[in-house]
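Data first, discussion second: the structure below is written as structure tokens.
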Amino acid sequence: MPYALVPKDYTLKKVTAQQKTAVDAQRSHENVMALIDNPEIIKQIIISGLALLAAKEGAEALQDLKDLGVNISKDVESAYTKKRTVKGAPVGVSIQQVIDQGLARFGL
């Protein structure tokens, strides 16, 4: 039989599987509500989403221009594929990799 910290007075009790599921669901709900109530987290999610959208739209705009036959310099094209280090980290990341990873994580 599983044990759980039951929220009222935080006592450790033997609980049935259904009771443990109910306690876990309540804690999950409380965690989500704490996340939603934090304005800083919401700001970070919005900023991250907008940055991903801007990078994605920029890459698509470059591809559209290439499809129209506009001559685009290699420097502009390499801006999306060139790997850059962040704060001296030994691993480089390109904007295209950031876009691909962001889309994968958002399920798009």
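The values are calculated or read from the model by the stated rules, or taken from the named source; none is laboratory data. These numbers come from a predicted model, not from an experiment. Please note: Cβ atoms are built from the backbone with ideal geometry, for glycine as well, and neighbour counts cover all protein chains shown.
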Subject >> Subset of the range 75-97 [surrounded by 13 or more Cβ atoms within 10 Å (Cβ to Cβ) and farther than 18 Å from ALA51 by Cβ] >> reply: GLU77
**OP:** Show the residue pairs that are 6+ apart or on different chains and have beta-carbon atoms under 7 Å apart, the first residue being within the range 22-42 and polar (S, T, N, Q), the second being at pLDDT below 85.
**Re:** GLN26/PRO7
Original post:
Pick from GLU60, GLU30, GLU40: which is exposed (fewer than 10 other Cβ atoms within 10 Å of the Cβ) and either out of contact with any helix residue (DSSP H, G or I) (no Cβ under 6 Å at 6 or more places or on another chain) or farther than 20 Å from GLN101 by Cα (or both)?
Top reply: GLU40
Original post:
Can you name every residue in the range 14-39 that is under 21 Å from PRO2 (Cα atoms) and outside any helix (DSSP H, G or I)?
Top reply: LYS14, VAL15, THR16
